[in-house]
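Bear in mind that the values in this text are calculations on the coordinates, not laboratory data. This one's a predicted model, so the numbers in the text were calculated from it and none came from an experiment. Ideal geometry is used to build each Cβ from the backbone, glycine not excepted, and the neighbour counts take in all protein chains shown.
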Amino acid sequence: MVKVVICGAAGGIGQPLSLLLKQSDLISHLALFDVVNAPGVAADLSHINTRSKVTGHGKEAMSEALKDAHTVVIPAGVPRKPGMSRDDLFKINAGIIRDLAEGVANNCPNAFVLVISNPVNSTVPIVCEVLKKHGVFNPKKVFGISTLDVVRSSRFVSEVNPAVDPSTRVTVVGGHSGVTIVPLLSQIPGGFVDGLSEEKLGELTHRIQYGGDEVVKAKDGAGSATLSMAYAGARFTLKLLEATVAGKSGLVESSYVNLDADVEHTAEFKSKTGLDYFAQDVEFGTEGVSKIIPLPEVSAYEKKLLEAAIPELKINIAKGASFITDSA
Ligand code: NAD
Ligand code: LMR
């Protein structure tokens, strides 16, 4: 039974995510932090008759919210509007994430930090660099949430071939934006890709890579994915809690992590690609990352996708890291 903090809890993702986490018996205290409306959302949720206590914390109370947290989930920041890339959010969200990471370093330096705010490819390096600056960085404990790409892949694959159950796990690697999202559809059991034309494979891959844009366009200026993200965020958070609090083993989710979290399985990949961060299937243990599962044998088509993803990821990572390392 642990304290979980949601930063950005009154937002489009924050509210349904808090609702989903309120249902977990692994959480004893759900602390909702936001610069607006946190007390209202907390009062509402606190009437639900599950075990956890719910508290709301406004603008001036970040430290109080974060104090002694076991896990901090961060969906704080601005979402996209049509025509924007995730990288366009950097200008505003980088500073928000930096300040929240400072709060983590000062109030709950041992917490697991789960980053939802975009651009994830850059916001995760920001968190890691802030924690390094404070001497409290543990690469096994910082996660970029790319689960929505996996959730979408499973759904879209089942739409293309109804014989594939929508709960079928799809491995998605790389990062969380456009070409950096690399679904490894060749890994789906039952020869799924063998039944697809080259054109269909291209269309499906593109839909997965740009699934976020579908929602941004449909919401027409009112934001990006919130409900599907809350589902994905809760799935990730609860799995991590099952491993770290309840001690369950063998639980796996894809996550965008610092590759030093598991040097044994990433050293070769790191030196070959020059990447410090990458989304890959991660097995959870009581300390967070217990194993980064090495990339499987990929198809020639997926190899090309990876080649396109790597240079873009490097730019995104450098942008996030230097936002902290280049500041005084
Ligand atoms: P939103 O605008 O509805 O909610 C964001 C909330 O953050 C607001 O309530 C706002 O008050 C709060 N906030 C702003 N600055 C804050 C600060 N300094 N401290 C605490 N709270 C603060 O946006 P949303 O739709 O919930 O999206 C949030 C973020 O999540 C966006 O950056 C979006 O791009 C990202 N996102 C990521 C994924 C993913 O797959 N990782 C999916 C969807 C959205
Ligand atoms: C998503 O994939 O839905 C999120 O990253 C939000 C966005 O901007 O598309």
* Report ³J(HN,Hα) in whole Hz for each residue of the stretch 197-213, in order, from the Karplus equation J = 6.51 cos²θ - 1.76 cosθ + 1.60 where θ = phi - 60°; Gly and Pro get x. => 6, 4, 5, 5, 4, x, 5, 5, 4, 4, 5, 5, 5, 10, x, x, 5
* **Built amide H within the under 5 Å cut-off of V113, gap 5+** => V72, V142, F143
* Structure fact -> Computed over the chain: longest principal axis from alpha-carbon atoms vs helix 300-325 long axis, angle to nearest 10 degrees, is 30 degrees
* Work through the residues other than L240 whose Cβ is under 12 Å from its Cβ and net out their charges, Lys, Arg +1 and Asp, Glu -1. => +1
* Of Y231, V282, L313, farthest towards positive along the dipole that unit charges on Lys, Arg, Asp, Glu beta carbons give the stretch 199-328 -> Y231
* To do: Can you tell me the equivalent ellipsoid semi-axes for the chain? Use √(5λ) from the Cα gyration tensor, largest first, whole Å.
  => 30, 22, 20
* To do: For the stretch 182-250, count all C-alpha to C-alpha pairs, find those more than 13 Å apart, and express that count as a whole percent of the total.
  => 75 percent
* Starting from the Cα of K304, step 7 Å toward the Cβ, then list every residue of the stretch 181-198 with an amide N under 11 Å from that point. => 198
* Considering the chain as a Gaussian network with a 10 Å cut-off on Cα pairs, which listed residue, A267, A76, A31, attains the greatest mean-square fluctuation? -> A267
* Structure fact -> Computed ³J(HN,Hα) along the stretch 253-260: with the Karplus parameters 6.51/-1.76/1.60, θ = phi - 60°, integer Hz and x for glycine or proline, the list is 9, 7, 7, 8, 10, 6, 5, 5
* Nearest 20 debye, what's the magnitude of the dipole of the chain about its Cα centre given +1 on Lys and Arg Cβ and -1 on Asp and Glu Cβ? -> 580 debye
* Asked: Taking only Cα atoms, what is the 0 to 90° angle, nearest 10, from helix 90-107's long axis to the longest principal axis of the chain?
  -> 50 degrees
* For the chain, build the charge dipole from Cβ charges (+1 Lys, Arg; -1 Asp, Glu) around the Cα centre, then report which of V78, G8, P166 sits farthest towards its positive end. => G8
* **Nitroxide proxy distance, nm - points 7 Å out along Cα→Cβ at N49 and S158** => 3.2 nm
* Give the angle, between 0 and 90 degrees and rounded to the nearest 10, that separates the Cα long axis of helix 227-244 from the longest principal axis of the Cα atoms of the chain. => 80 degrees
* Structure fact -> Under the rule rounded for a/c under 1.5, else prolate if a/b exceeds b/c, else oblate, using alpha carbon gyration tensor axes a ≥ b ≥ c, the stretch 13-146 is classed as oblate
* To do: Let me have the 222 nm mean residue ellipticity of the chain computed from DSSP H runs of 4+ only, each contributing -39500 (n - 2.57), with the sum over all residues rounded to the nearest 500.
  => -14000 deg cm²/dmol
* Asked: GNM, the chain, Cα, under 10 Å: largest mean-square fluctuation among V41, V170, V215?
  -> V215
* Quick one: if you take sqrt(5λ) for each eigenvalue of the C-alpha gyration tensor of the stretch 189-328, what semi-axes come out, biggest first, whole angstrom? -> 25, 22, 21
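Using a ≥ b ≥ c from the Cα gyration tensor of the stretch 205-282 (square roots of the eigenvalues), is it rounded, prolate or oblate, where a/c under 1.5 gives rounded and otherwise the larger of a/b and b/c decides, a/b for prolate?
Here the stretch 205-282 falls in the oblate category.
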* Centroid-to-centroid separation of the stretch 49-122 and the stretch 187-249 [C-alpha atoms, Å] -> 21 Å
* Structure fact -> A correct Kirkwood calculation over the Cα atoms of the stretch 32-111 returns a hydrodynamic radius in Å of 14.1 Å
* To do: Determine, from the Cβ-Cβ distance of E198 and K270 and an R0 of 35 Å, the FRET efficiency 1/(1 + (r/R0)^6), rounded to the nearest 0.05.
  => 0.65
* Taking only Cα atoms and a 10 Å spring cutoff, compute GNM fluctuations for the chain and point out the largest among K217, K22, K291. => K217
* Under unit Cβ charges (Lys, Arg +1; Asp, Glu -1), what dipole magnitude, rounded to 20 debye, does the stretch 179-324 have relative to its Cα centre? -> 320 debye
